[in-house]
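To start, the structure under review is shown below, and the notes come after it.
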Amino acid sequence: MATIPAVKQFSDRMGRIEVSATMAVVAEAAKLKAAGADMVEVGAGEPHFPTPQHIKDAAIDAIQKNFTKYTPVPGILELRAAIAKRHGADFGSDYKPEETVVSTGGKLSLFNAIQVLVDHGDEVILPVPYWVSFKDIIEYAGGKCVYVRTSEADGFRLTSDMIERQITSRTRAIVINSPNNPSGAVISPEDHTAILKLAHKRGIYVIADECYVYLNFSGHDFSAGSVTEAREHIVVVGSLSKTYSMTGWRLGYTLAPLPVSNAIAKLQSQNTSSTAHMIQKAAVAAVTGPQECVAQMKAEYIQLRDQILGELAKIPDITCVRPEGAFYVYPNVSAYIGRAGIKSAADIAHRLLHEAHVVTVPGEAFGTMEHIRLSYATSPGEIKRGLERMREWFAKLG
Ligand SMILES: Cc1ncc(COP(=O)(O)O)c(C=O)c1O
């Protein structure tokens, strides 16, 4: 009998990526919950607020009016123009509607941008800690991540000197993320501008993930898009997910020079075609409608941040940088590694999940070995409950 030759099942590129660690934690927590466990969810990066009513109404209205068909690949012009205008008004950028491409979530916008710009063997500078998906998306494209370690003692601050030291002839892009997931660090306007100008001078693209740009508590609102003299090498990735509490709607966008935007649209014409029509209509309502909801949510996040920092301070031997944006804290739990058989931050997150039923994400997913990430996008009651459980659990480790 002829033997069937062994064939590999999956493409090489699939071997370069892992399931998103945050998605994996959410799935594991869901299993425990389904089995009856009373979980405290401080793991997932998801606003706890409902989507504002006027946005929901706009989507319902759009369905009733039959906005249910294919749209142009980069999005309906009304939305592209509205996003460009909102960004210009809020950050002083000068993007045109044609330089705005709407995608099915900021993650796809980022994925498209990296696929379009990064080739096999290209180096992409990635500051650490990084959002879990950056690494895998870069590697999926065949790029090589070149890490820039920020210092916890310096509040995870990123400077242009740190970036400059890592630039080589193969550097194709720099990925920055301010406010940062997981650390909450915000790049100062001065450092930000210096990084953008440096990259522009060297012909290197900066992919600026600004999904949390409206959750900047530093008092210095800033978008890379405002540095118009470097615009030729800037791709701003934006999202409605966190700004308007619309994670499940899946609406993100890129703002980029026309050739890059056209390339992103070309790629998108071969993957999703476009975001759903009614979602785009709802997005128009979000970005052109009243913005008080954004300010209200931000004010609440600041209170929640202060609360969670207060609760963390009650746990002996845990230190935490005060985040200046987003909705995460990134406490250093290294003092507990080596106690009670604990070998890593991953062990801590795993045991917190299974023994205390508190959902956190281990720092290994973000490129550091001594931290866990907690999200404070939840109610004050949940924060209290979760952090009390954590305090009791850590106390047992001695
Ligand atoms: C830094 C960062 N970028 C992008 C995203 C993707 O957001 P979305 O795809 O929901 O727009 C997230 C979501 O958690 C994020 O934290």
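The values are calculated or read from the model by the stated rules, or taken from the named source; none is laboratory data. Only a predicted model underlies this, so the values are computations on that prediction, with no experimental measurement involved. Don't worry about glycine lacking a Cβ; one is built from the backbone with ideal geometry, like all the others, and counts go over all protein chains shown. When the accessible area is computed, the model is the full protein with side chains, heavy atoms only, and any ligands, DNA or RNA have been set aside. Shrake-Rupley method; radii C 1.70, N 1.55, O 1.52, S 1.80 Å.
For this structure, a couple of remarks:
- Whichever residue in region 11-23 is open to solvent by less than 60 Å² (accessible area, probe 1.4 Å) and within 14 Å of the ligand (Cβ to nearest atom) and, among such residues, is nearest to PHE134 (Cα to Cα): SER20
- Total residues in region 83-116, condition within 16 Å of the ligand (Cβ to nearest atom), open to solvent by 20 Å² or more (accessible area, probe 1.4 Å) and among the β-branched types (Val, Ile, Thr): 1
- In region 306-331, the residues that are under 21 Å from GLU210 (Cβ atoms) and in a loop (DSSP other than H, G, I, E, B) reach residues that are hydroxyl-bearing (Ser, Thr, Tyr) and within 16 Å of the ligand (Cβ to nearest atom) with C-beta atoms within less than 7 angstrom, at least six apart or across chains, in these pairs: VAL321/SER183; VAL321/TYR330; PRO323/SER183; ALA326/TYR212; PHE327/TYR301; PHE327/SER375; PHE327/TYR376; TYR330/SER183.
- Scan of region 218-245 for residues that are among the aliphatic types (A, V, I, L, M) and surrounded by 23 or more Cβ atoms within 10 Å (Cβ to Cβ), ordered by number: ALA224, VAL227, ILE234, VAL235, VAL236, VAL237, LEU240
- Here ALA295 meets the list (1) part of a loop (DSSP other than H, G, I, E, B); (2) free of Cβ contacts under 8 Å to residues at least 24 places away in the same chain almost entirely, failing just condition (1).
- The one condition in (1) over 19 Å from the mean Cα position of the chain (by Cα); (2) surrounded by 18 or more Cβ atoms within 10 Å (Cβ to Cβ) that ASP119 fails to fulfil: (2)
- Every residue from region 280-292 that is open to solvent by 40 Å² or more (accessible area, probe 1.4 Å), more than 14 Å from LEU77 (Cα to Cα) and part of a helix (DSSP H, G or I): GLU292
- If you go through region 177-210 and keep only what is in contact with a strand residue (DSSP E or B) (Cβ under 7 Å, 6 or more places away or on another chain), more than 24 Å from ARG322 (Cα to Cα) and away from the ligand (no atom under 16 Å from the Cβ), you end up with LEU196, ALA199, ILE204, TYR205.
- Entry remark, region 89-104: residues being among the polar types (S, T, N, Q), within 21 Å of HIS233 (Cβ to Cβ) and not in a strand (DSSP E or B) number 1 in total.
- Residue in region 108-116 that is among the hydrophobic types (A, V, I, L, M, F, W, C) and in contact with a Leu (Cβ under 7 Å, 6 or more places away or on another chain) present: yes
- Among the candidates LYS33, LYS8, residue that is assigned to a helix (DSSP H, G or I), of a type in the set (D, E, K, R), without any contact (Cβ under 8 Å) to a residue 24 or more places away in the chain and open to solvent by 80 Å² or more (accessible area, probe 1.4 Å): LYS33
- Qualifying residue in region 257-274 (condition: in contact (Cβ under 8 Å) with a residue 24 or more places away in the chain, open to solvent by less than 10 Å² (accessible area, probe 1.4 Å) and outside any helix (DSSP H, G or I)): no
- LEU374 being within 26 Å of GLY36 (Cα to Cα) and open to solvent by 10 Å² or more (accessible area, probe 1.4 Å): no
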